[in-house]
Structure formats: C-alpha cells, structure tokens
Amino acid sequence: MIFFTAIFVFGLTLADASCPSIVSKKDWGGLKPIHVSYLLRPVDLVIIQHTVTPFCSTDGTCTEATRSIQNYQVDELGYWDIGMSFLVGGNGKIYEGCGWLHVGAHTYGYNSKSIGISFIGNYNNDDPTSAQLEAVKELLRCGVEEGHLSADYKVVGHKQLIATQSPGRRLYQVIRTWPEWLEDVTSIKNKS
C-alpha cells in the first residue's frame with residue numbers, strides 16, 4: 001500500500017511539473033470582471049500577440065503593465081475584463097488575464113474559440129526572452145494536460161487572422177518554428 005501511495009504521489013508531482021506558476025489576478029491587483037462568458041473546452045487554437053507597450057523585466061514593472069492594460073481595456077474600450085487569456089512578462093512570469101475558462105476580447109471574431117497569449121512589449125523592436133518563451137511553452141503543455149487545450153491545438157500569430165502587426169516581427173519569427181505552428185490559416189479564417 002505504501003508503494004502504491006508513493007507512485008500515486010510521484011505521478012501527481014510529475015503531472016504538475018510542466019504547469020508554470022501563474023500570477024493570479026488577485027496577486028497583480030486586477031479588477032474582477034464585470035461579466036463573464038465561458039469558453040467551450042478543449043480549445044484548439046492559441047493566438048500569440050504582443051501588447052505594444054514598454055517591455056517589462058521586473059515583477060513590479062510587469063504587474064504595473066498588466067494593471068494598466070486592464071484599466072485601459074475596461075475604462076476606455078468598455079471590455080468586461082482584460083482581453084487576453086494570459087500575458088507574459090520579460091521576467092518570465094505568466095499573468096492571469098481572463099484565463100482558461102472565460103471568453104476573452106483579444107481577437108475579434110475568434111474570442112469564443114481561442115486562447116490569446118500576449119507578450120508584454122513591442123516585438124517589432126524587442127526580442128522575446130528565453131524565460132518568456134519557456135514559460136509559454138510550459139503553459140501550453142499544462143493546458144493540454146489539464147484539458148483546456150486539445151492535444152492537436154494550433155498556434156498562430158495575431159496578424160494571420162486580423163489586420164495588425166501583432167505579434168511583431170521578432171516574436172513572429174520565433175513562433176513560426178514551434179511544432180504547433182499553423183502556416184495556412186485558410187481552414188480557420190473567418191469569412192467576411
């Protein structure tokens with residue numbers, strides 16, 4: 001019985017090993033959403049974007065950037081909450097946006113069928129850090145393990161779906177090398 005319990009506990013530890021720590025909305029001082037709509041899961045599309053804000057590399061500057069983004073999106077744009085599912089700072093930390101469960105407001109026409117992950121900064125100018133990239137890869141692995149993402153999910157750049165420069169040239173070059181990358185979005189692109 002002790003051997004079985006040890007294997008069970010070891011298995012649980014391994015299952016959580018690839019799930020990164022996520023800075024909760026409460027911990028970064030985020031506002032509660034005004035309203036929520038729930039995603040049908042598992043989701044099979046991940047949209048990578050950037051915030052086009054200053055790059056952040058410390059806990060303090062990344063927390064402030066995330067709060068500022070939420071304030072702008074709620075107060076100025078009239079969103080129910082911060083639009084992105086998750087944000088990732090140059091410090092390699094993942095910040096909870098609307099999360100795995102709620103529909104975001106990150107890519108018009110795709111919000112109810114995707115997760116939006118936004119790198120804090122302007123990646124036309126900034127290079128993503130290895131800490132950011134590894135954190136996002138761990139988040140995606142965790143999403144599959146926990147049933148939020150389908151095992152065959154695809155990753156696209158924001159600009160493949162709408163008219164924008166996001167996620168920026170430098171980040172776009174990197175995500176195009178990921179095995180989950182979807183080059184031809186014809187099959188998923190909304191028809192106007």
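Legend: residues ASP44, ASP81, sorted from most to least accessible area (1.4 Å probe; ligands, DNA and RNA excluded), read ASP44, ASP81. In the chain the longest region clear of trypsin sites (Lys or Arg not before Pro) that are loop-assigned by DSSP and have at most 15 other C-beta atoms within 10 Å covers 27-175. Annotation: amide H of GLY104 has no partner in the under-5 Å range at sequence separation 5 or more or interchain, hydrogens built in the peptide plane. The distance between label points at LYS113 and ILE188 comes to 1.0 nm (points 7 Å beyond Cα on the Cα→Cβ vector). Simple spin-label estimate for TRP178 and VAL144 gives 1.2 nm between the two label positions (7 Å along the Cα-to-Cβ direction from each Cα).
Note on the chain: Lys pairs 8 or more places apart or on different chains, Cα atoms under 18 Å apart, count 11.
The values are calculated or read from the model by the stated rules, or taken from the named source; none is laboratory data. What you are looking at is a predicted structure, and each value in this text was computed from that prediction instead of being measured. Reconstructed Cβ throughout: ideal geometry from the backbone, glycine too, with neighbour counts over all protein chains shown. Calculation scope for accessible area: heavy atoms of the full protein, side chains included, ligands and nucleic acids excluded. Shrake-Rupley method; radii C 1.70, N 1.55, O 1.52, S 1.80 Å.
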